[in-house]
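The values are calculated or read from the model by the stated rules, or taken from the named source; none is laboratory data. Source: prediction; values computed, not measured. Cβ placement follows ideal geometry from the backbone for every residue including glycine, while neighbour counts extend to all protein chains displayed. All accessible areas refer to the heavy atoms of the entire protein, side chains included, with ligands and DNA or RNA removed. Shrake-Rupley method; radii C 1.70, N 1.55, O 1.52, S 1.80 Å.
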Amino acid sequence: IEDDWPGEPSDQYWRQQLDQAEEELRQGEWSAASKRAGATQLAGSARARWLLARAADAEAEARRDNRLLTRAITAYLDLLKMNERLTDHKLLQVAHRTLDRIRFRGNYLSAEPVYRLLIRRFPDVPGYYNNLTISFLMANRADLAEQVLKDTLKKWPDDRVALAHHGFVLKTRHNRLEEAVEAFQKALQNDTGPATESRFYYHLGDSLLLLGRYAEAHEVHKRGAAMGYFLSPSQRSLYNVDRLKSRPWWNIEQTPYTKLARALERSWKEILKEGEAAKALYEKEKEGLKERGEWSQLDLFVRGQEIPNRCKRAPVTCSIVRSEVAASGCRRGQVKFSAMEAGTHVRPHVGPTNCRLRMHLGLSNTKDTYIRVDKETRQWQVGKTFMFDDSFEHEVWHNGTGTRLVLIVDVWHPDLTPAERRSLPPI
Ligand code: LMR
Ligand code: MN
């Protein structure tokens, strides 16, 4: 039969052992199946290796056990070492399950050998090249992704998925923005094709903003919103809950956070002192958001968790924050001091999610400092709070003197249910 496993034992006894192992696997008797298929006499049998892998895989799934899952993946990879003797059909069957489990485990680099042998067997399928690129990017190895992209685009210069990822690498790794824009534009031409995804519209628009090509950026943002990839042209966060009330500036009195705001305002002098006393711990902003100047921050809470020992440095601030669990427990936000030097300009950008609202408490040197959120620009005042939704485009200027200090407190969007606050993955 064309589609048999290679290395099927010629001996009747061992063939029956494999049949029995297969039956045990069907019955959920994983360790019996595994023991039987693992007999040394069967080392050269692909079917035995398949059954071993399947047994570990099924047990890992039932027990939700990552150690077993790793063992299953190793067993699948072991079977794939026989790839040259596997039929196309069998190779695909094994490879797809292996890749699925590798993705589930989150160990993206171990997908490489699988894609390499798929590419060798099916050299005319760009999808395998592209998925290898994606695995490398997921593993934070843009350097490796870039090499694959070079090979892919040499073979298929117009492949839209490859072009989009190339744009992403050009932008984020090399800051080669003009070239990134060109690649994205080809990939997203006519708003059709397999590369039309929110993140590529986001990065195309962001590249244009970085280049100061605002009118073109706006066109892209309108297209992205029309395609349903953005909540609106100005609200471009990528991790959203759809039904939440959208507005750039919020009146704190109309939220459940009035008590928190008043408590912060009452204690602003102590909060300022705590923020200034910890100056040595501030870290420079490193996301490339500022176009010029100096900007540094001191995190107190990140993703709903205190940075270890941080609150010892800011006890008053932390105790007020802790009085509102929607702030201290906001897993999609932070609590931090933000210090901006005179002459700083933070370019237009958006936050990652619409699930939080951002409260600011002005602490020092707020004169001639400005924040634009969507279409409306406001100013901080020392000892006063305001609140905005940072998933809308915003931009900041410090045209005054001295260090402008503010305390930033993110809170859950009031429309989120308790269940959502518990279950949304952190950002
Ligand atoms: C921002 O969220 O980008 C700014 O509001 C931060 C800041 O310090 O003003
Ligand atoms: Mn921001």
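D for the chain, whole µm²/s, Stokes-Einstein with Kirkwood Rh over alpha-carbon pairs at 25 °C and 0.890 mPa s: what number?
Stokes-Einstein gives a translational diffusion coefficient of 98 µm²/s.
Normalised by the residues of the chain, what does the relative contact order come to in percent, with Cα pairs under 8 Å and at least six apart?
10 percent
With the cut-off at 20 Å, report for the stretch 208-284 the share of all Cα pairs above it, as a whole percent.
The proportion of pairs with Cα distances above 20 Å equals 62 percent.
Please compute the length gained on full extension between residue 191 and residue 155, using 0.36 nm multiplied by the number of residues separating them and subtracting their Cα-Cα distance.
In short, 10.6 nm is gained.
Need one number: nm distance between label points at residue 20 and residue 307, each 7 Å from Cα along Cα→Cβ, rounded to one decimal.
6.2 nm
Hey, can you find the accessible area per residue of the stretch 246-398 for me, probe 1.4 Å, expressed in square angstrom?
Normalised by residue count, the accessible surface of the stretch 246-398 is 44 Å².
What is the mean projected area of the alpha carbon convex hull for the stretch 263-328, to one decimal in square nanometres?
5.3 nm²
Would you calculate, for the chain, the mean residue ellipticity at 222 nm contributed by helices, counting each DSSP H stretch of 4 or more residues as -39,500 (n - 2.57) and dividing by all residues, to the nearest 500?
Counting only the DSSP helices, I get -14500 deg cm²/dmol.
Dividing the Cα convex hull volume of the stretch 101-213 by residue count, how many Å³ per residue is that?
Once divided by residue count, the hull of the stretch 101-213 is 101 Å³.
By how many degrees, between 0 and 90 and to the nearest 10, does the Cα long axis of helix 198-210 differ from the longest principal axis of the chain?
Tilt of helix 198-210: around 40 degrees.
Using a Förster distance of 45 Å, how high is the FRET efficiency between residue 179 and residue 66, based on the Cβ-Cβ distance and rounded to 0.05?
Once the sixth-power term is evaluated, E becomes 0.65.
Could you list the residues of the stretch 233-268 with an amide nitrogen less than 12 Å from a label point located 7 Å from the Cα of residue 323 in the Cα-to-C-beta direction?
Flagged as within label range: 258-268.
Name the shape class, rounded, prolate or oblate, that the alpha-carbon gyration tensor gives for the stretch 39-118, where a ≥ b ≥ c are the square roots of its eigenvalues, rounded holds for a/c under 1.5, and otherwise prolate holds if a/b is larger than b/c and oblate otherwise.
Oblate, because a/c is 1.5 or more while a/b does not exceed b/c.
Note the angle between two axes, namely the Cα long axis of helix 214-226 and the longest principal axis of the Cα atoms of the chain, as a number of degrees from 0 to 90, rounded to the nearest 10.
Tilt relative to the chain: about 60 degrees.
Whole-Hz ³J(HN,Hα) for each residue in the stretch 26-43, computed from phi via Karplus 6.51 cos²θ - 1.76 cosθ + 1.60 with θ = phi - 60°, x for glycine and proline: what do you get?
Whole-Hz 3J(HN,Hα) from phi for the stretch 26-43: 4, 7, x, 8, 5, 6, 5, 4, 5, 4, 5, 6, x, 4, 4, 4, 9, 4.
Cα convex hull of the stretch 309-427: how many Å³ per residue?
110 Å³
Isolated Cys in the chain by the 4.7 Å beta carbon test?
Result for the chain is 330, 355, no neighbouring Cys Cβ within the cutoff.
Quick one: 3J(HN,Hα) in Hz for the stretch 108-114, Karplus 6.51/-1.76/1.60 with θ = phi - 60°, rounded, Gly and Pro as x.
Working through the residues one at a time gives 5, 5, 6, 6, 3, x, 5 Hz.
Label-point separation (nm) for residue 147 and residue 29, each offset 7 Å from Cα along Cα-to-Cβ?
4.8 nm
Roughly what angle does helix 268-277 make with the longest principal axis of the chain, taking Cα atoms, 0 to 90 degrees, to the nearest 10?
60 degrees
Treat each spin label as a single point 7 Å out from the Cα along the C-beta direction, and report the residue 283 to residue 214 distance in nm.
3.2 nm
Holding the Cα-Cα limit at 22 Å, pick out from 245/375; 222/375; 286/312; 171/336; 273/367 the pairs that are longer than that.
Where the Cα-Cα span goes over 22 Å, the pairs concerned are 286/312; 171/336.
For the stretch 97-159, state the average projected area of the convex hull of the C-alpha atoms over all orientations, rounded to one decimal in nm².
Reported value for the Cα convex hull: 4.0 nm².
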